[in-house]
Amino acid sequence: RELEDSLADAVEKAAAERRGRVRAQQSLRRALSEQGASPDKGKPATAPASYPMAPIGTVESCFSTRNGTPRQPLVVPLARATVVLNPARVAAEALEGLASYSHCWILYVFHLNTDLDKMWKDPARSKLKAKVRVPRLKGGKMGVLATRTPHRPNPIGLSVAKVEAVDGHAILLSGVDLVDGTPVLDIKPYLPYSDSVEGATIPNWLEVDGALAVESIHFSEHFISSLSNCWAHVQKQALYASADEFQDLIKEVLSWDIRSLSQRLRPHQVTIESKADDCGSKADKDCRNKEDYQAADSCSIVVYHLHLEGIDVSYKIDENSNIIVDNAALLPSAANQNRCSYLTWRDKLSTL
């Protein structure tokens, strides 16, 4: 009888706590509505001024910077990332059952957007751009809500990814288009019967085959040797089993032209005849004024950089979209990384 009374008391306390949370949530919504009310008429606004959200975890990605991160999910199958949940906010049990799904949705914040400070600190001065430039339209503009641009009314992203393994508070994903350090808001399982729409259509400008595809990718002998040297320093913290697998990742990433519109247009419109050994003052000035790329053995040769897994991969691309991958160099931040690696997931992956 004492045990039954104790159980009934615990059930009642739990119910009281739930009622208290519901009342607190209702009070919060009312307060937010009053905050957004009209100061003149005192009428409630049609919607709350804001909804408080906090990340539940962080992405540890193979992509160190925005440049080179795929524009869409699943286009680079080897692109891997680990989502590490905050144990103070989410218990490990919350991931129970997720490994049974092949794919999941990741909702996250575009935390590297250059307009975030203006959007959040001074929203009165932040105006939504109605149209944005689209890479597939070669700079042509389209309505912001008809595109996947990260510069949105609210900087929230949605990506689908393949679930490779789950371990404690961490999830190993592949096919990601997420940059390192991305704050994660939520994770939802992918449901083919409802998430895949039969007969769905897209605009004609999205159906252009190979619009951003490159013609060829070649790796120089110097790159092979320099990658081998770099790999000795990063292999214990990389998400890849070997330098060869990492090279396959590079090939997948570069198979789509990852350059911005300005990077694609400017280099081949600049005509510089002088070579490096006799560059005149005008040629030197032209070389210095080029942003986001640098001159290599000739002032007219542009070298681009891709940062993956703590390695700076440099490459050249000609006007016919032929790529030569030239060099690999260790980034200064590579030695300071402390995160889940291939060694962390090796046993889990071997059982799949």
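The values are calculated or read from the model by the stated rules, or taken from the named source; none is laboratory data. Source: prediction; values computed, not measured. Reconstructed Cβ throughout: ideal geometry from the backbone, glycine too, with neighbour counts over all protein chains shown. Ligands, DNA and RNA are excluded from the accessible area calculation, which covers all protein heavy atoms including side chains. Shrake-Rupley method; radii C 1.70, N 1.55, O 1.52, S 1.80 Å.
This table checks each residue for (1) among the charged types (D, E, K, R); (2) assigned to a strand (DSSP E or B); (3) farther than 26 Å from residue 253 by Cα.
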site: 52; (1), (2), (3): no, no, yes
site: 55; (1), (2), (3): no, no, yes
site: 60; (1), (2), (3): yes, yes, no
site: 66; (1), (2), (3): yes, no, no
site: 70; (1), (2), (3): no, no, no
site: 73; (1), (2), (3): no, no, no
site: 77; (1), (2), (3): no, no, no
site: 81; (1), (2), (3): no, yes, no
site: 84; (1), (2), (3): no, yes, no
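Which of the numbered conditions does residue 148 fail, given that it passes all the others? Conditions: (1) touching a residue at least 40 places away in the same chain (Cβ under 8 Å); (2) in a loop (DSSP other than H, G, I, E, B); (3) open to solvent by less than 60 Å² (accessible area, probe 1.4 Å); (4) closer than 29 Å to residue 102 by Cα.
The number of the failed condition is (3).
Of all residues in the stretch 309-337, which are charged (D, E, K, R), within 22 Å of the chain's Cα centre (by Cα) and either surrounded by fewer than 17 Cβ atoms within 10 Å (Cβ to Cβ) or not in a loop (DSSP other than H, G, I, E, B) (or both)?
Within the stretch 309-337, 312 is the sole residue that qualifies.
Among the residues in the stretch 185-196, are any more than 23 Å from residue 87 (Cα to Cα), surrounded by 14 or more Cβ atoms within 10 Å (Cβ to Cβ) and modelled with pLDDT of 95 or more?
Yes.
Looking at residue 283, is it at pLDDT below 55, surrounded by 15 or more Cβ atoms within 10 Å (Cβ to Cβ) and not in a loop (DSSP other than H, G, I, E, B)?
yes
Is there a residue in the stretch 223-240 that is at pLDDT 95 or above, touching a Leu at 6+ places or on another chain (Cβ under 9 Å) and open to solvent by 30 Å² or more (accessible area, probe 1.4 Å)?
Looking for residues that are at pLDDT 95 or above, touching a Leu at 6+ places or on another chain (Cβ under 9 Å) and open to solvent by 30 Å² or more (accessible area, probe 1.4 Å), one finds at least one in the stretch 223-240, hence yes.
Do you know which residues across the stretch 151-160 are assigned to a strand (DSSP E or B) and crowded, with 17+ Cβ neighbours inside 10 Å?
157, 159, 160
For the subset of the stretch 81-109 comprising residues that are of a type in the set (S, T, N, Q) and closer than 30 Å to residue 151 by Cβ, which member is nearest to the chain's Cα centre (by Cα)?
82
For residue 276, which of the numbered conditions (1) modelled with pLDDT under 50; (2) closer than 20 Å to residue 64 by Cα fails to hold?
Of the numbered conditions (1) modelled with pLDDT under 50; (2) closer than 20 Å to residue 64 by Cα, the odd one out for residue 276 is (2).
I need the full set of residues from the stretch 210-222 which are surrounded by 14 or more Cβ atoms within 10 Å (Cβ to Cβ) and modelled with pLDDT of 95 or more, in order please.
217, 219, 220
Looking at the stretch 210-227, I want the residues that are closer than 25 Å to residue 242 by Cα and touching a residue at least 40 places away in the same chain (Cβ under 8 Å) and have a partner that is of a type in the set (Val, Ile, Thr) and open to solvent by 50 Å² or more (accessible area, probe 1.4 Å) with Cβ atoms under 6 Å, at least 6 apart or on another chain. Which pairs are those?
From the stretch 210-227, the pairs are 218/324.
Out of the residues in the stretch 161-182 that are in a strand (DSSP E or B) and open to solvent by 20 Å² or more (accessible area, probe 1.4 Å), which is nearest to residue 116 (Cα to Cα)?
162
All but one of (1) over 24 Å from residue 159 (Cβ atoms); (2) among the acidic types (Asp, Glu); (3) modelled with pLDDT under 75 hold for residue 244; state the number of the condition that does not hold.
Answer for residue 244: the failing condition is (3).
Just one of 75, 83 is surrounded by fewer than 17 Cβ atoms within 10 Å (Cβ to Cβ) and either modelled with pLDDT of 95 or more or of a type outside the set (S, T, N, Q) (or both); which is it?
When all the criteria are applied, what remains is 75.
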